[in-house]
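The structure appears right after this line, and notes come after that.
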Amino acid sequence: MSAPAETLHRARALDDIMDSVRRVGETTVLEFAADVDRNARFPTEAFDAIKRERLLSVFVPERFGGDGVSVSELCKICEQFGHYDGSVAMIYAMHQIQVACIVQNAADDAFFGQYLRKLCEDQLLLASATTEIDVGGDVRSSICAVNIEGDRFSLTKKAPVISYALDSDAIMVTCRSSENAPPGDQSVVLVKTGDHELEQIAGWDTMGFRGTCSSGFILSSTGAAEQVMPVPYARVLSKSMHPVSHLTWGSLWTGLAASAVEMARKTVREDARKQPDVAPVAALRLSEVNELLFSMRSGLNEVIAEYERLLALNTDTAFDDYGFSIRVNNAKIRCSEMMVDIIARAMNIVGISAYRNDSKKSLARHLRDAHGAALMVNNDRIRQHNATMQIAYKGR
Amino acid sequence: MHEKTVREILGEYSKLAVEMDTLSNDSDLYDAGLTSLTTVTVMLALEDAFDIEFEDHMLTRATFHSVNTLLAAIDELLAAQAA
């Protein structure tokens with residue numbers, strides 16, 4: 001009997017994937033984190049290593065060549081990256097959000113299925129352009145439109161922010177579904193690097209998350225009409241982009257906060273060794289900050305578990321629920337604000353060496369990164385949405 | 001009769017990009033510009049007009065999709081009240 005034509009691809013177990021994450025994180029990511037931060041440049045070395053370890057395709061189902069991890073497993077991976085570098089972890093999460101949008105909404109489509117295969121083979125990095133100049137942060141409204149003529153599309157978007165646009169292999173662009181469509185009738189178009197032109201209109205010199213290179217661009221592209229996702233953006237947003245964004249971000253922020261707490265614990269332990277007869281005051285502070293980390297992680301995990309339950313129902317409408325949307329938003333708001341508090345408390349425990357930029361115990365980058373989380377996708381705008389939904393929601 | 005009230009409320013509160021009388025009872029209100037925020041104002045106005053309360057599980061795009069889906073939801077709530 002003849003052998004199978006091709007070697008069957010096998011998905012890795014989560015333990016093996018986590019070993020890869022630690023291998024990349026503890027060596028390359030940590031080694032270059034300070035330089036990436038100083039120069040506000042893309043973490044090239046880290047992503048070369050991430051691609052070598054095939055970590056960009058973990059969420060792609062096994063049948064396309066990925067590892068088919070679950071959302072909660074993906075969140076664990078993001079959390080682990082958060083331990084090493086906020087920028088690398090953010091880019092990694094933003095890529096996985098786009099992967100999830102395709103996997104959960106368009107995997108059965110001929111073009112997007114094939115694209116997932118290619119993503120696994122070539123470890124392609126996906127970016128996104130959701131916000132638009134003159135629209136602001138309201139992702140449910142677009143000015144730009146995709147124009148389809150025959151089997152080709154054309155599209156131009158003024159985006160105030162496209163993270164790592166210049167280092168990505170494709171950009172998922174939100175736009176109106178045709179020139180005549182109302183602002184809320186939106187599609188997502190996969191725009192390939194090589195098919196697009198990017199004119200930079202804003203730079204990225206920020207306090208933190210400096211490696212995400214979230215500059216502004218005017219993006220113009222043409223391509224095949226099949227690159228327009230076969231489902232409306234509204235569905236992609238409620239089922240995938242909204243929950244996966246806030247849950248993967250919350251996870252990596254938990255990792256960032258946890259690494260600051262680890263630094264605090266290390267310091268308390270060293271102090272305890274120096275003065276074995278007295279329990280250091282800092283140990284009490286450590287207990288307190290650990291309680292906060294516990295609450296941050298528990299609240300997040302509750303929503304991750306709820307999301308997995310909804311995904312298991314296998315319907316598209318389950319995600320429209322106001323209660324679920326409110327809880328996803330709560331996870332983002334709480335995690336982003338608790339992270340700042342936790343890192344500040346950890347700095348207090350570690351002391352002056354946490355405040356220094358030139359110390360091995362520096363938490364300066366942690367704190368600068370942390371302040372970005374509440375501002376990027378502004379917490380007050382999310383609260384405004386929650387406030388509106390709270391009026392309608394009866395909580396029964 | 002309910003249809004007239006629903007259409008009046010949509011015309012007043014939904015801030016659609018088009019006039020209500022250009023839409024059929026099956027037209028997609030979200031395509032016409034209904035948003036999650038305007039959904040809530042529409043819901044509050046409907047609750048007032050019909051003296052009903054939307055159940056949490058009804059607060060979905062499916063319920064607010066069109067005039068007809070709204071009429072079905074209102075009928076369901078009124079029937080549950082009468083029972």
Kindly indicate which of A:V340, A:V328 is within 14 Å of chain B (Cβ to nearest Cβ) and either in a helix (DSSP H, G or I) or touching a Lys or Arg at 6+ places or on another chain (Cβ under 7 Å) (or both). A:V328
Mind checking which pairs have a first residue in the range A:29-54 that is within 19 Å of A:G82 (Cβ to Cβ) and a second that is in a loop (DSSP other than H, G, I, E, B) and modelled with pLDDT of 95 or more, Cβ under 6 Å, 6 or more apart or different chains? A:V29/A:Y84; A:V29/A:D85; A:L30/A:Y84; A:A33/A:D85; A:V36/A:P43; A:F42/A:Y164; A:F42/A:C213
Scan the range A:241-259 and tell me whether some residue there is of a type outside the set (K, R) and within 14 Å of chain B (Cβ to nearest Cβ). yes
Selection within the range B:45-59 - without any contact (Cβ under 8 Å) to a residue 12 or more places away in the chain and either within 11 Å of A:A392 (Cβ to Cβ) or surrounded by 19 or more Cβ atoms within 10 Å (Cβ to Cβ) (or both): B:E47, B:D56
With the range A:11-65 as the region, which helices (runs of 4 or more DSSP H) entirely inside it contain at least 3 residues that are under 25 Å from A:C101 (Cβ atoms) and modelled with pLDDT of 95 or more? A:14-24, A:44-52
Looking at A:F217 and the list (1) modelled with pLDDT under 95; (2) under 25 Å from A:H196 (Cβ atoms), which single condition is not satisfied? (1)
Is it fair to say A:V71 is buried (at least 18 other Cβ atoms within 10 Å of the Cβ), over 14 Å from A:L247 (Cα atoms) and either of a type outside the set (K, R) or free of Cβ contacts under 8 Å to residues at least 12 places away in the same chain (or both)? no
Going by what's in this entry, would A:A318 be described as surrounded by 17 or more Cβ atoms within 10 Å (Cβ to Cβ) and either over 19 Å from the mean Cα position of the chain (by Cα) or under 18 Å from A:L252 (Cα atoms) (or both)? yes
Suppose the filter is in contact with a helix residue (DSSP H, G or I) (Cβ under 8 Å, 6 or more places away or on another chain), under 28 Å from A:S359 (Cβ atoms) and assigned to a loop (DSSP other than H, G, I, E, B); does A:T267 pass it? no
Helices (runs of 4 or more DSSP H) wholly inside chain B that include at least 2 residues being within 11 Å of chain A (Cβ to nearest Cβ) and within 30 Å of A:R383 (Cβ to Cβ): B:36-50
Would you point out which residue out of A:E302, A:E306 is buried (at least 17 other Cβ atoms within 10 Å of the Cβ) and over 21 Å from A:S259 (Cα atoms)? A:E306
Of all the residues that make up the range A:376-396, how many are surrounded by 14 or more Cβ atoms within 10 Å (Cβ to Cβ) and away from chain B (no Cβ under 14 Å)? 3
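A quick yes/no check of all residues on (1) surrounded by 22 or more Cβ atoms within 10 Å (Cβ to Cβ); (2) of a type outside the set (D, E):
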| site | (1), (2) |
| --- | --- |
| A:L190 | yes, yes |
| A:E197 | no, no |
| A:G208 | yes, yes |
| A:S214 | yes, yes |
| A:A257 | yes, yes |
| A:D271 | no, no |
| A:L284 | no, yes |
Of all the strands (runs of 3 or more DSSP E) wholly in the range A:67-184, which have at least 1 residues that are of a type in the set (D, E, K, R)? A:147-149, A:152-162, A:170-176
From B:T63, B:T5, grab the single residue that is surrounded by 14 or more Cβ atoms within 10 Å (Cβ to Cβ) and closer than 20 Å to A:D185 by Cα. B:T63
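The values are calculated or read from the model by the stated rules, or taken from the named source; none is laboratory data. What you see is a predicted model, and the numbers here were worked out from it, not measured in a lab. Every residue, glycine among them, receives a Cβ derived from its backbone with ideal geometry; neighbour counts consider all protein chains shown.
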